[in-house]
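Have a look at the structure below before the remarks.
The values are calculated or read from the model by the stated rules, or taken from the named source; none is laboratory data. Everything numeric in this text was worked out from a predicted model, so none of it was measured. Every residue, glycine among them, receives a Cβ derived from its backbone with ideal geometry; neighbour counts consider all protein chains shown. Protein only, heavy atoms only, side chains kept; ligands, DNA and RNA dropped before computing areas. Shrake-Rupley method; radii C 1.70, N 1.55, O 1.52, S 1.80 Å.
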Amino acid sequence: MLYKGPYDPNKTEPEILKFWQENNFYKPEYNPETDKIMSFEEMKKDSRPPFSIINPPPNAYDRPHIGNISGYAYQDLFGRYNRMKGKKVLLQPGKDHAGQEGEAVFIKNELKPKGKEKKDFTREEFYKATYEYNEKNMALALKDEIRVGLSADFDRNLFTLDPKIVDTVLDTFMQMYRDGMVYKGVRIINWSPGMQSAISDNDTARIEREAELIYIKYPLEEGKDFIEVATTRPETMLGDTAVVVDPNDKRYSKLIGKYAVLPLINRRIPIIANGKVNQEFGTGAVKLTPAHSNDDYYMTEEWNQLTEQLERKPDAKGRVITEALGYVPKSKIEYWKKIRKEVGKIPYINVIWKDLKMCGPIGKYKGMSIDEAKAEVRKDLEKLGLISKIEKIKQNLTICDRTKTVVEPMMSSQWFIDVNAKDFRQKAIEAIEKGLKNPEAEDAVRIHPSSMAEKALFWLNNLRDWPISRSIWWGYRIPVWYKGEPKEEINKEGQIVQTIGGVEIKNLIEDGKTEAEEKELIKVQVGSPGGGWVQDTDCLDTWFSSGQWPYATLTAGNLMDTFYPTDVMETAYDILEVWVCRMIMFSLYRTGKIPFKNVYLHGLIKAENGQKMSKSKGNVVSMDDIVNQYGADTLRLFYLVGNKAGAAYRVDWEKIKGNRNFLNKIWNASKFSLMNLEDFDPNEKIEITNEEDKKFIEEIKNLTKETTNHLEKFRPGLAAADIYDHFWHTFADIYIETAKPRLYTKDKEGKPINQEGESLKRRKSAQYTLWSSLKTYLQLLHPFIPFITEAIWQELPKQKGEKETIMYSK
RNA sequence: GGGCAGUUAGCUCAGCUGGUAGAGCACUCCCUUGACGUGGGAGUGGUCAGAGGUUCGAAUCCUCUACUGCCCACCA
């Protein structure tokens, strides 16, 4: 019998947890028919249809935050729902090492308080200490996952740096290398002076600040005229290699194809056109510094690639088709050809290096700091009378999100993934498009809500080659070995020169076959090739490993044949692009299959005032704040009821209390039902005599149908809201009240009633209705609020063959 | 600059395939003691941001406008 008084989750939930865990219900090996644990092989052969979810691994260094836990509520909902549908369910848990961030947190939380720094350790010591720190915290995280009732197979918990995972991840790197998809290339990167490392675009932020826009006159090669450019960074003019204008800008049309002479340096630089230049801004003419500006870099790339295609035969109208621009008119081709012939490719000239000092072919400015050079260049230009005006503007500046230092765009050799090779991204695009147009297709990835699919496609369509090296120690060290120390320097001409053991290397990696390989200076393999070989010092970007998480975990568990592709990827919408898209790309490349059939994106939880939760704002609500007071079921209801995919929602204590009240309502209505079912045997044949009973049973059937439909269509919030509402306001408020006169066995004076004849029949009819509807409610509710439903289920009279646990009831 | 959302009762938000506006909280009145006061009943309160269109019928579909939020980005 259920205990008296209000429902107390802190009493019930731990008992239920123990029951589930002792019976191994979370394992796909649990056999509900025999109530025994199958062997691994038996489980694989078991004919129940498989259902799997890979739990997104939270960062290992900390307890999961309230957002991670919300994910578990959804993942567990899908898992429990499918288990009750008779499927063989695997929820695969894990933890992420979180690369750059994991390293930063370890240093801040562990080393700093002890007065230590990273450089006090050798690389091996540091890695070991970080690993231990993460292992310790991972244990805490696991406790939280268990506490909220996540029915994942925790014996299978995996860490991204587990050797079994490492094997798969590094193997992918090597395979991609052989396929010509990873290369070490000199490209523009975001250099974070704070991190002393290249950082990805995702790790940058923008700030607005005041800046001086300086108008500089560049003398034209012919005549005494000038072309005027505007810049906030005069020091970078030392690395200018062209001036760019809008092709439709009439002011400059005559100058396109001519040359200017770079002041201070006297370099002859062409004037070219590119539609990305904005006529309105500054003078409408841009100085092109490809080595130190993202914009300029990509404009230069485009120019060089397009003009390279000029060899192609023109059509009858004299046009040439190019991959990027379609047909290029004859007028354009002429000046392209001229400049291409005269200067070849537009070069990159590096004038700033990682120590933030000036370098390259820049005369007296060499060795100055950026600020010194800025002042000096300005002074010298003024002397020459080449500065025409200075204007204050608001400028958007890129900063390093973690260290808040200003990002310095510069060129450096980094490992990259060619996102176009082997249709790496194209296949992902197709899978997502299929999810929109032909969702039933085998290889379609359906994204819920579907509007988010557009976001994913937008990202994929605009994706550039992905830099994957990071200057950190915490992570997968790049499995590349050099014969001697690799070095990177800027020479007198401002060109980056790479050497391995003193031997100069051009095109370190290209198309899988490289000069370095031919000279036996480089090897790509996991273990050391032997004495004299030096491993690359960088680690792989953390998304390189987490992007492989679904098949890496299942490969580690030897479960690919049984559970891949997985059924649902359930995660927060803010990592749709950086994580979900990458998983799709990797999986299609590596396994030829989609990693998951559905993506469900839950909303982000905001603080009470609607702001983002953050430690610095002090508005973080932890799982403990809610669970300790109201229990895990209440927290789960808060995540689920009425919420929709992709929408943000706020912590709302009134709603949370309301959910707690709902649990109490379930508890009391069940208590009432059980009291009136003490003499009821569901195995007896019972006739439903009353119209209202028939009607109510019919209603329950409809509710089941509707909520099932909601769940199948990935609308868990509506399903939860419907059951919540129906239980409370139809079952408890109406049905039970109307059935009371038929259920009572004594009247107000204490005389027996409903004990025989027709009135007894009516009572039995009500009992059956009460029993069967409560049973159905519990089953419908179980995926949302597993604890209380299990506790009541166990007290409910059973029909022959019915399960002890609601988890495997059908 | 581009992309994606949102704008519904005083507040926080639902509203799936178009069919007479919903919940919780708040507010007003009432009822309850043998499941539950963490309860029950009744009620107040909205021209569903604005304009136009499609339709027998639009909060729902289309177009435009305004505002808010998020993300991306190559204005020197």
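A few notes on this one:
- Summarising the overall dimensions of the stretch A:337-445 from its C-alpha atoms, the Rg and Dmax are 23.3, 71 angstrom.
- Diagonalising the gyration tensor over the Cα atoms of the stretch A:266-399 and scaling each eigenvalue by 5 before taking the square root yields semi-axes of 33, 17, 15 Å, largest first.
- Helix axis angle, A:163-178 relative to chain A longest principal axis, alpha carbon, degrees: 40 degrees
- At q = 0.20 Å⁻¹, base-10 log of I(q)/I(0) for the stretch A:592-733 (Debye sum, equal scatterers on each alpha carbon): -1.30
- Over every Cα atom in the stretch A:397-491, the radius of gyration and the widest Cα-Cα span, Dmax, amount to 18.8, 57 Å.
- Packing, as the average of other Cβ atoms within 10 Å across residues, places the peptides A:401-407, A:742-748 in the order A:401-407, A:742-748, highest first.
- Size of the stretch A:334-374: Rg and Dmax of its alpha carbons, in Å, are 14.9, 42.
- For residue A:114, the lysines whose Cα comes closer than 18 Å to its Cα, not counting residues fewer than 8 places off in the same chain, are A:128, A:136.
- Diffusion constant of the stretch A:212-276 at 10 °C, which comes from Stokes-Einstein with the Kirkwood Cα-pair radius and 1.306 mPa s, µm²/s: 132 µm²/s
- Working from the Cα coordinates of the stretch A:113-175, the gyration tensor eigenvalues give, after taking √(5λ), semi-axes of 27, 22, 7 Å in decreasing order.
- Share of carbon and sulfur in the accessible heavy-atom surface of chain A [1.4 Å probe, %]: 48 percent
- All Cα pairs of the stretch A:165-284, percent lying beyond 23 Å: 54 percent
- Once the mean of 1/r is taken over each pair of separate Cα atoms and inverted, the stretch A:16-107 shows a Kirkwood hydrodynamic radius of 15.0 Å.
- Degrees separating the helix A:691-712 axis from the principal Cα axis of chain A, which is the longest one: 20 degrees
- For the stretch A:231-248, 3J(HN,Hα) computed residue by residue from phi via the Karplus equation (6.51, -1.76, 1.60; θ = phi - 60°) reads 8, 9, 10, x, 4, 6, 4, 4, x, 5, 10, 5, 10, 10, 10, 5, x, 9 Hz, glycine and proline entered as x.
- Taking Cα atoms only, the orientation of helix A:424-437 departs from the longest principal axis of chain A by about 40 degrees.
- Length added when fully stretched, residue A:308-residue A:109, from 0.36 nm per residue minus Cα-Cα: 66.4 nm
- For a paramagnetic label modelled on residue A:489 (point 7 Å from Cα along Cα→Cβ), amide N atoms under 18 Å away belong, within the stretch A:339-382, to A:350-363, A:366-368.
- Cβ crowding within 10 Å averaged over residues, with A:26-39, A:579-592 ranked highest first: A:579-592, A:26-39
- Ellipsoid semi-axes for the stretch A:86-214, based on the Cα gyration tensor and the rule √(5λ), read 33, 23, 19 Å when sorted largest first.
- Across the stretch A:654-765, the convex hull enclosing all Cα atoms gives 124 Å³ per residue.
- Filter on A:11/A:775; A:108/A:164; A:88/A:713; A:330/A:427; A:313/A:345 - keep pairs with C-alpha separation over 27 Å: A:108/A:164; A:330/A:427
- The Stokes-Einstein estimate for the stretch A:552-668, based on a Kirkwood radius over Cα pairs and taken at 10 °C with 1.306 mPa s viscosity, is a diffusion coefficient of 94 µm²/s.
- Each label point was placed 7 Å from the Cα along the Cα-to-Cβ direction; for residue A:800 and residue A:18 their separation is 3.4 nm.
- Here the stretch A:452-592 is treated as a Stokes sphere of Kirkwood radius computed over C-alpha pairs; at 10 °C and 1.306 mPa s its diffusion coefficient rounds to 89 µm²/s.
- Over chain A, accessible surface divided per residue gives 45 Å², non-protein components excluded, 1.4 Å probe.
- Surrounding net charge for residue A:57, when Lys and Arg each add one and Asp and Glu each subtract one, Cβ distance under 12 Å: -2
- Sorted from greatest to least, the principal axis extents spanned by the alpha carbons of chain A come out as 118, 62, 61 Å.
- Tail beyond 17 Å, pair distance distribution of the stretch A:758-810 (Cα, percent): 38 percent
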